[in-house]
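Data first, discussion second: the structure below is written as structure tokens.
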Amino acid sequence: MYRYFFQTAGLLLLPFAAYAAPLIVLDPGHTPSQGGALGVRGQYEVVYNDRIAAELKTALEADGWQVAVTRKPGEERTLAERAGMANQAKADIFLSLHHDSAQPQYLQKIQVSGKEAYQTLRPISGYSLFVSGENPKFDQSYKLASSIGKEIRAIGRTPAAHHAEPITGENRPWLDKENGVYRYDKLAVLRQTVMPAVLLEFGVIVDRDDEAYVDDAINRRRMTEAVVRALRPYRHH
């Protein structure tokens, strides 16, 4: 029996026995050319995503997971390619890693060291989790998202509520308000993957206080440890 395991250069066919531990695919959102949200420091989201992906990979490997990452820092990768890589690798879990923004009416443009940046006009903070009803493992995805949210909430983080607001660009239905889980069916990487798949926004980088939280190494370690705890039951399935 064989399992596909991917590297940057492509897919490698290796004996399944070599990867007896379950495989999780981490997907650092965005790319260098499409950097995602622009935060209060004038730094694009992709930088935060790459950093947390590297830290979470280390923590998960220490906990007994096989971990693959959809792209290295500096690499471009389409959404379809990311999902396709996870499907071909027959991954057990797909986790897309992001940092959040807010709708334009809640933002003001600022300058930071001569660079353009954005910050919120009012406090908008917290983590968010998304699952797609079009993922064939929706029920498992929902359960996993709630578990991750519960563990992150246990370290003192509060779910972000702004995605549920009835405004253009938001209006996402809650699935588990207590633990910060929304339903967002059309997210490409979630609907195109065939294993349980979750998208996690660690914090709001256009909010000065929340950006400071996710930029702090101790806080990031606590969040990655929370994710590892939530995933632990899936390591033995």
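Odds and ends about this structure:
- Pick from segment 36-70, criterion out of contact with any Asp or Glu (no Cβ under 6 Å at 6 or more places or on another chain) and part of a loop (DSSP other than H, G, I, E, B), ranking: nearest to Leu95 (Cα to Cα): Trp65
- For Leu121, the requirement of being in contact (Cβ under 8 Å) with a residue 60 or more places away in the chain and not basic (Lys, Arg) is not met.
- The set of residues in segment 96-118 being within 23 Å of Pro166 (Cβ to Cβ) and free of Cβ contacts under 8 Å to residues at least 12 places away in the same chain consists of Pro104 alone.
- With respect to the conditions (1) open to solvent by less than 10 Å² (accessible area, probe 1.4 Å); (2) touching a Pro at 6+ places or on another chain (Cβ under 8 Å); (3) among the charged types (D, E, K, R), Asp50 falls short on a single one, namely (1).
- Residue count for segment 146-175, restricted to those that are under 23 Å from Val214 (Cα atoms) and either in contact with a helix residue (DSSP H, G or I) (Cβ under 9 Å, 6 or more places away or on another chain) or among the hydroxyl-bearing types (Ser, Thr, Tyr) (or both): 17
- Residue in segment 211-221 that is surrounded by 14 or more Cβ atoms within 10 Å (Cβ to Cβ), assigned to a helix (DSSP H, G or I) and under 14 Å from the mean Cα position of the chain (by Cα) present: yes
- When residues of segment 71-116 are limited to those that are assigned to a helix (DSSP H, G or I) and open to solvent by less than 30 Å² (accessible area, probe 1.4 Å), the one nearest to Pro22 (Cα to Cα): Ala86
- The strands (runs of 3 or more DSSP E) falling completely within segment 124-205 that include 3 or more residues that are crowded, with 20+ Cβ neighbours inside 10 Å, modelled with pLDDT of 95 or more and within 16 Å of the chain's Cα centre (by Cα) map to 128-131, 197-204.
- If you go through segment 70-100 and keep only what is among the small types (Gly, Ala, Ser) and at pLDDT 95 or above, you end up with Ala80, Ala83, Gly84, Ala86, Ala89, Ala91, Ser96.
- Residues of segment 34-43 classified as open to solvent by 30 Å² or more (accessible area, probe 1.4 Å) and more than 16 Å from Asp210 (Cβ to Cβ), total: 1
The values are calculated or read from the model by the stated rules, or taken from the named source; none is laboratory data. Predicted model, so just to flag it, every value in this text is computed and none were measured. Neighbour counts run over all protein chains shown; Cβ positions are idealised from the backbone, glycine included. Note: accessible area is taken over every heavy atom of the protein model, side chains too, but ligands, DNA and RNA are not part of it. Shrake-Rupley method; radii C 1.70, N 1.55, O 1.52, S 1.80 Å.
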